[in-house]
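The values are calculated or read from the model by the stated rules, or taken from the named source; none is laboratory data. Quick caveat: nothing in here was measured; it's all calculated off a predicted structure. Keep in mind that these areas ignore ligands, DNA and RNA; they rest on the heavy atoms of the full protein, side chains included. Shrake-Rupley method; radii C 1.70, N 1.55, O 1.52, S 1.80 Å.
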Amino acid sequence: MKRKLFRQTVNEWHPNLWLAIELLIVSIIVWYIADFLYTACATRLQTTGFNTEHVYRMEFKRTGPSSPRYIAPAEGEDENEIAATELRRLLAAIRQRPEVVDASLSYQAEPYSQSYYGTSIWSEYDSLEVNVYRRAMTPNHPSVVGYESARADISIEQLQDLLREGKLLLTEFKPGFNGYGNSHANRATIGAEDLVGRSFHFWGDSINSYTIGGLLKPIKRTSIESGLPISVFIPIDESTTDILEGKTISVRVRPEADVDFIANFKADIERLYRSGNTYISNVKSYDTVRIESDHEGMVEIRKFIACMVFMLVSVFLGLLGTFWFRTQQRVSEIAVRKVNGASNVSVFRRLISEGLIILVAVTPLAVLGDWLLTHYELNADYYGYFEIGRFIATVAATFILLAIMIIGGIWFPANRAMKVDPARALADE
């Protein structure tokens, strides 16, 4: 039966050729859609590397000379030193709130920061160079925002002690993965673990050297960012003026006390959180920051999903029309089979098998087209362009989806053809 069906499909090569070409093109398009959906889902499910539950973001500003509330420094006083002292007072006041666990400062290291401050670290001894994103934070920042140690035998407190010693922290990466670019991808055998304890210079600085003290788990900038860039974290010394200029305050609140924190804080903001010319200007939960950060990306994703739904509906209607026309042309053949004792199930099975045979025949060519799109990096970007598991999953999903479309596209016209009286169908023929 199967051999006869295959031979009949080959003999009817002319109409089946156009159907095969249609299925080939549709298969590649649907695979591209499936690959994008896979990437979107995988990105959303991938851990961000931080925990911002019960964490708030605060910004501080300084009153300018044009303001009536401006306090001019005394003669001979350094305004930067005054500003740093005022900011330290605000931090101390925030930490004294009974519901606050701790507060930290960071520069481009706060969660959902979309900073692209890229640089590289290099070793003058062996010309090793790694592309990184440069971040800065006070030593207590990792525990405030929920960073995790990459090694089970080293706690986050130990990593914070390394920061206090002036050492840097690096996010974990595997050999062969080299940050936001591939200009130095010649170090395919070196991973983050191999860099711990080694001294490096930052790009453009051949004088100051820094030691990698430990590793954090990979950290994403946003929840919808694909891939995990390598980041290096530099300690900020709270006793210096480095705490000024663009720094952000992150505050972790005790879970049991996290009730109307923003409203309660703002009620005290003018009385307790203004020191000289420095004041807290804004308070947001990181949930709000996440929504704002992801807004443009989510709008783009929704547009793609709308386009994909339209594409899939169009593909289904196209296949339905094709098989409807093919089935209507074979009404007399169906009538003859029923007259000779064929059941509805057997006729259905035969019609569906013809469509699936053509799909199976074009699938290898479609997979080749999918691989070419992947090879030339034309598909969705997610932590490198080729992963065998991802490729197999999306190819399988595409095949299953097209098979369902073919079965649905054949079932509707075939069901209608089954209801035609065989005698009438043969008489019309």
**Residue pairs, from the table 61/220; 61/266; 247/284; 167/217; 167/284; 61/167, whose Cα atoms sit over 19 Å apart** = 61/220; 167/284; 61/167
**Fill in**
With T = 4 °C, eta = 1.567 mPa s and Kirkwood Rh from C-alpha pairs, the Stokes-Einstein D of the stretch 272-317 in µm²/s is about 91 µm²/s
**Message:** Please report the accessible area of residue 102 (heavy atoms, 1.4 Å probe, ligands and nucleic acids excluded) in Å², nearest 10.
**Reply:** 40 Å²
